[in-house]
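**Student:** Take a look at the following structure, please.
Every number in this text was worked out from the coordinates using simple rules, so none of it is lab data. This structure is a prediction, so every number in the text was calculated from the model and none was measured. A quick note on method: Cβ atoms are made from the backbone with ideal geometry, for glycine too, and the neighbour counts reach across all protein chains shown.
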Amino acid sequence: MTKMTKIAVSALLGLAVLSTTVSADAAKGQKLYMKKMKSACGFSGAKFAAKHTVDEWTAIKDGGTFPAEAAALCGGVKVKDKHAAHIVDFAIEYASDSGNVPSC
């Protein structure tokens with residue numbers, strides 16, 4: 001392989017790995033909810049996610065108001081920005097009209 005081909009393959013591999021780490025993950029959001037929010041909220045992740053529909057959670061995510069919404073639902077719990085994307089994706093995945101039920 002030429003030097004240029006090696007660089008191109010390395011760049012593609014790097015982009016593939018980077019793109020998977022940047023995207024939010026519902027499974028990670030479920031774990032974060034269980035670890036960081038469940039005790040403060042006082043109810044399971046299924047009840048938390050069922051507070052809104054998929055469209056409502058998506059609007060909350062797009063509006064950037066998830067930390068405020070989580071605080072309103074869970075008695076003032078503070079959600080770090082780095083965790084918010086994962087937890088809101090968990091809420092979207094298991095929203096009241098999604099038909100999915102989490103195991104927490």
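**Student:** Only helical DSSP H runs with n ≥ 4 go in: add -39500 (n - 2.57) per run for the chain, normalise by residue count and round the 222 nm mean residue ellipticity to 500 deg cm²/dmol.
**Tutor:** -18500 deg cm²/dmol
**Student:** Let me ask something else. Could you give each residue of the range 88-93 its phi-based ³J(HN,Hα) in whole Hz, using Karplus coefficients 6.51, -1.76, 1.60 with θ = phi - 60°, and x for Gly or Pro?
**Tutor:** Here the 3J(HN,Hα) series is 5, 5, 4, 5, 5, 4 Hz.
**Student:** Mark the label point 7 Å from the Cα of Ala46 along Cα→Cβ and return the residues of the range 68-104 whose backbone N is within less than 20 Å of it.
**Tutor:** From the range 68-104, the list is 74, 87-104.
**Student:** State the answer as a single residue: which of Gly42, Ile7, Gly99 lies farthest towards the positive end of the charge dipole of the chain, with beta carbon charges of +1 for Lys and Arg and -1 for Asp and Glu, about the Cα centre.
**Tutor:** Ile7
**Student:** At a Förster distance of 35 Å, what's the computed FRET efficiency of Glu56 paired with Lys82, Cβ-Cβ distance as r, to 0.05?
**Tutor:** The formula returns an efficiency of 0.95 here.
**Student:** Something else: Magnitude of the Cβ-charge dipole of the range 24-104, K/R +1 and D/E -1, about the Cα centre, nearest 20 debye?
**Tutor:** So the dipole magnitude of the range 24-104 works out to roughly 540 debye.
**Student:** What does the C-alpha gyration tensor say about the overall shape of the range 24-104? Classify as rounded when a/c is under 1.5, otherwise prolate if a/b is larger than b/c, or oblate.
**Tutor:** Rounded, since a/c falls under 1.5.
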